[in-house]
Amino acid sequence: MIELFILLLTPFFILWSFWLRYFRKIISGGLDYVGNSYTENKIRILPSSSVKVKIKGKTVIVVSGVSSWVTIRVNGGPRQKVFKIRLLNTEGEVEIINENRVFQVNVVIRQAV
């Protein structure tokens, strides 16, 4: 009985370790997207509120917090859900909306100079 339990749990631990390893690579690769010269802004968005940010060129939006989901609108376009990281290459205004009613999120916006 215990052998079957261990046999069933082994793939879970293997998949979890792969997820953690590749998740870090994805985030660090996304942060390298803007290049070596960049400006970085850190914003805390309270529950059920939004922030508008001007962007130009290559931009990375990294979301952290209890709930890492935010909604963005690029140049007043349709809403797009973002989980953890979003790469943009555009000019204009981005509205970042925290639709969560309980938790705040921290957003790091890295733009190429």
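If a residue has to be farther than 24 Å from LYS25 by Cα, in contact with a Gly (Cβ under 8 Å, 6 or more places away or on another chain) and surrounded by fewer than 16 Cβ atoms within 10 Å (Cβ to Cβ) to count, how many in the range 57-89 make the cut?
Going through the range 57-89 one residue at a time, the tally reaches 1.
Do we find a residue being loosely packed, with under 11 Cβ neighbours inside 10 Å, assigned to a strand (DSSP E or B) and modelled with pLDDT of 95 or more anywhere in the range 95-106?
Within the range 95-106 (the criterion being loosely packed, with under 11 Cβ neighbours inside 10 Å, assigned to a strand (DSSP E or B) and modelled with pLDDT of 95 or more), the answer is no, since none of the residues qualifies.
When the range 1-53 is examined, which residues are found to be surrounded by 11 or more Cβ atoms within 10 Å (Cβ to Cβ) and either modelled with pLDDT under 90 or in contact with a helix residue (DSSP H, G or I) (Cβ under 6 Å, 6 or more places away or on another chain) (or both)?
PHE23
Can you tell me which residues in the range 47-79 are among the hydrophobic types (A, V, I, L, M, F, W, C) and either in contact with a Pro (Cβ under 7 Å, 6 or more places away or on another chain) or closer than 16 Å to ASN89 by Cα (or both)?
VAL53, ILE55, VAL60, ILE61, VAL62, ILE72, VAL74
Restricting the range 89-113 to residues that are among the polar types (S, T, N, Q) and within 15 Å of ASN75 (Cβ to Cβ), which is farthest from the chain's Cα centre (by Cα)?
Looking at residues that are among the polar types (S, T, N, Q) and within 15 Å of ASN75 (Cβ to Cβ), I get THR90.
In this structure, is LYS54 assigned to a strand (DSSP E or B) and touching an Asp or Glu at 6+ places or on another chain (Cβ under 6 Å)?
On the way: assigned to a strand (DSSP E or B): yes; touching an Asp or Glu at 6+ places or on another chain (Cβ under 6 Å): yes.
So LYS54 passes the test.
Show the residue pairs meeting these rules: Cβ distance below 9 Å; 6+ apart or different chains; first residue within the range 15-35 and more than 16 Å from VAL108 (Cβ to Cβ) and among the charged types (D, E, K, R); second residue surrounded by 10 or more Cβ atoms within 10 Å (Cβ to Cβ) and modelled with pLDDT of 90 or more.
none
The values are calculated or read from the model by the stated rules, or taken from the named source; none is laboratory data. On a predicted model such as this, the values are computed, not experimentally measured, just so you know. All Cβ positions, glycine included, derive from the backbone under ideal geometry; neighbour counts span all protein chains shown.
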